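Read-outs: derived from the displayed coordinates by stated rules, not from any lab. Since we're looking at a predicted model, the values are computed, not measured. Backbone-built Cβ (ideal geometry, glycine too); neighbour counts: all protein chains shown.
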Ligand SMILES: NC(=O)c1ccc[n+]([C@@H]2O[C@H](COP(=O)([O-])OP(=O)(O)OC[C@H]3O[C@@H](n4cnc5c(N)ncnc54)[C@H](O)[C@@H]3O)[C@@H](O)[C@H]2O)c1
């Protein structure tokens, strides 16, 4: 299967670490020019450097996805550097909850919704006009299996990821005839800093995390990157408005 990415440009938010970094590297490995974006300047610059060291072409742009003006500048810098945008992976996200719903705070709610929902909405709002002007393109948003069902002690996060899927499906239908495809990827537990922060303090939680996946282990960042590249490529032209679980069978139970 050819992914037919020649001459194309991808943007990855949350590209300083974890799933975002792996996906930025995967895009670059397929020959795309890649804009890496994040609030973490050191991590984002490190991702861009890894791409360049491997012979690729990448630019890091600092952007807080919760800020309309910064997201607008991110798209302007993308066009300024590479002249086009073909694929956007809206992946920046946070998880900070530690308790059940009634134990949550207003500040947690606003922070999680701000990055995970408003951030994805703002990115799509500024990306879609560029894709329309070019005659098409593809967006992949990072949701989660927590966007497909319950996530105890992560209720705000779960609500935010359900919202990502709502934004994804609605935009997909709105722009389908204009050849702008919009899909979501729904990882289960993936081995990233986010996972380590949540589970490393308690090894029992690590064992539980592995056991919740029928394949018997947590996922790898590269396994999410592979799914994102598929959803972007021309071979996926008939796939839009889809929330793809990449979850070791977790949602099949
Ligand atoms: N790791 C998992 O188990 C898992 C499972 C399901 C979904 N996800 C989702 O995958 C995505 C990536 O997570 P990860 O596991 O790679 O985590 P991570 O913490 O390693 O990476 C998230 C990145 O987002 C960036 N970020 C945070 N707030 C931002 C903002 N306001 N603007 C721009 N960038 C910001 C962080 O600096 C970080 O580099 C997130 O949306 C997360 O919710 C992760």
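For the chain, what does the helix formula give at 222 nm: sum of -39500 (n - 2.57) over DSSP H segments with n ≥ 4, over the residue count, nearest 500 deg cm²/dmol?
-14000 deg cm²/dmol
Using Cα pairs under 8 angstrom and six or more residues apart, how large is the relative contact order of the range 4-146, in percent? It would help to have the intermediate numbers written out before the result.
On the way: 252 pairs, mean separation 34.1, N = 143.
Result for the range 4-146 is 24 percent.
For helix 68-82, what angle does its Cα long axis make with the longest principal axis of the chain, in degrees from 0 to 90 and rounded to 10?
Orientation of helix 68-82: about 50 degrees from the principal axis.
Nearest 0.05, what FRET efficiency do residue 237 and residue 211 give at R0 = 45 Å with Cβ-Cβ as r?
0.75
Using Cα centres only, tell me the gap between the range 109-183 and the range 1-59 in whole Å.
20
Give the relative contact order (percent, whole number) for the chain; include only Cα pairs under 8 Å separated by 6+ residues.
Reported relative contact order: 20 percent.
Just to confirm the number: angle between the C-alpha axis of helix 18-29 and the first principal axis of the chain, 0 to 90 degrees, nearest 10?
30
At what distance in angstrom do the alpha carbon centres of the range 224-253 and the range 77-95 lie from each other?
Computed from Cα coordinates, the inter-centre distance equals 19 Å.
At 7 Å along Cα-to-Cβ for each site, give me the label-to-label distance between residue 200 and residue 42 in nm.
Taking the two extended label points, one gets 1.4 nm.
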